[in-house]
1. Could you tell me whether segment 21-32 includes any residue that is in contact with a helix residue (DSSP H, G or I) (Cβ under 9 Å, 6 or more places away or on another chain), under 30 Å from M1 (Cβ atoms) and at pLDDT 95 or above?
2. Can you find a residue in segment 70-87 that is β-branched (V, I, T), assigned to a helix (DSSP H, G or I) and in contact (Cβ under 8 Å) with a residue 60 or more places away in the chain?
3. Would you check if P65 is closer than 18 Å to T5 by Cβ, part of a loop (DSSP other than H, G, I, E, B) and of a type outside the set (D, E)?
4. Out of I84, I46, I74, I need the residue that is closer than 14 Å to K6 by Cα and within 17 Å of the chain's Cα centre (by Cα). Which one?
5. Go through segment 74-100 and report how many residues are surrounded by fewer than 17 Cβ atoms within 10 Å (Cβ to Cβ) and either under 16 Å from N16 (Cα atoms) or at pLDDT 95 or above (or both).
6. How many of the residues in segment 1-53 are outside any helix (DSSP H, G or I) and more than 24 Å from G66 (Cβ to Cβ)?
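The values are calculated or read from the model by the stated rules, or taken from the named source; none is laboratory data. Source: prediction; values computed, not measured. Reconstructed Cβ throughout: ideal geometry from the backbone, glycine too, with neighbour counts over all protein chains shown.
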Amino acid sequence: MEFLTKLLFFGLFIFNLIFGIILFLNFMTNAGNPAKKLSETLIFLIGGCISFAGLYLAWKMGYVPGSYGTGSAILAGTFISAVISVMVGLFFFNGPIHWQ
């Protein structure tokens, strides 16, 4: 059972790490582009910060003491909160949506 929780923890950790890197790289790409909105850039930065903060908490509270179930729960909650914050930010705070 410990092997499965450890496998779940590291799988979620790698998944959240990739997700956070994608959000941060999207922030870096949009920051230098004058055609992109500043609000969109900041929304991706906030999502990346949420993701990296969750990774830090999961590492400190899950990996270091050996409580992989707690770390997995933190990582799952982090991913859900980062996705919700990015989606709410893009839909409600980014201005009107223009379909082309």
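1. Among the residues of segment 21-32, not one is in contact with a helix residue (DSSP H, G or I) (Cβ under 9 Å, 6 or more places away or on another chain), under 30 Å from M1 (Cβ atoms) and at pLDDT 95 or above, which makes the answer no.
2. Start the filter on segment 70-87 by keeping residues that are β-branched (V, I, T), which leaves 70, 74, 78, 80, 83-84, 86.
Those left that are additionally assigned to a helix (DSSP H, G or I): 70, 74, 78, 80, 83-84, 86.
Still in the list and also in contact (Cβ under 8 Å) with a residue 60 or more places away in the chain: 78, 86.
Looking through segment 70-87, at least one residue is β-branched (V, I, T), assigned to a helix (DSSP H, G or I) and in contact (Cβ under 8 Å) with a residue 60 or more places away in the chain.
3. Considered against the rule, which asks whether it is closer than 18 Å to T5 by Cβ, part of a loop (DSSP other than H, G, I, E, B) and of a type outside the set (D, E), P65 comes out as yes.
4. I74
5. The number of residues fulfilling the criteria is 7.
6. First, the residues of segment 1-53 that are outside any helix (DSSP H, G or I): 1, 32-37.
Right, trim to more than 24 Å from G66 (Cβ to Cβ) and you get 32-37.
Residues that pass the stated criteria total 6.
Conditions tested, residue by residue: (1) under 28 Å from F92 (Cβ atoms); (2) surrounded by fewer than 16 Cβ atoms within 10 Å (Cβ to Cβ); (3) touching a Gly at 6+ places or on another chain (Cβ under 6 Å).
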residue: F3; (1), (2), (3): no, yes, no
residue: L7; (1), (2), (3): no, yes, no
residue: F13; (1), (2), (3): no, no, no
residue: L17; (1), (2), (3): yes, yes, no
residue: L23; (1), (2), (3): yes, no, yes
residue: N30; (1), (2), (3): yes, no, no
residue: N33; (1), (2), (3): yes, yes, no
residue: L42; (1), (2), (3): yes, no, no
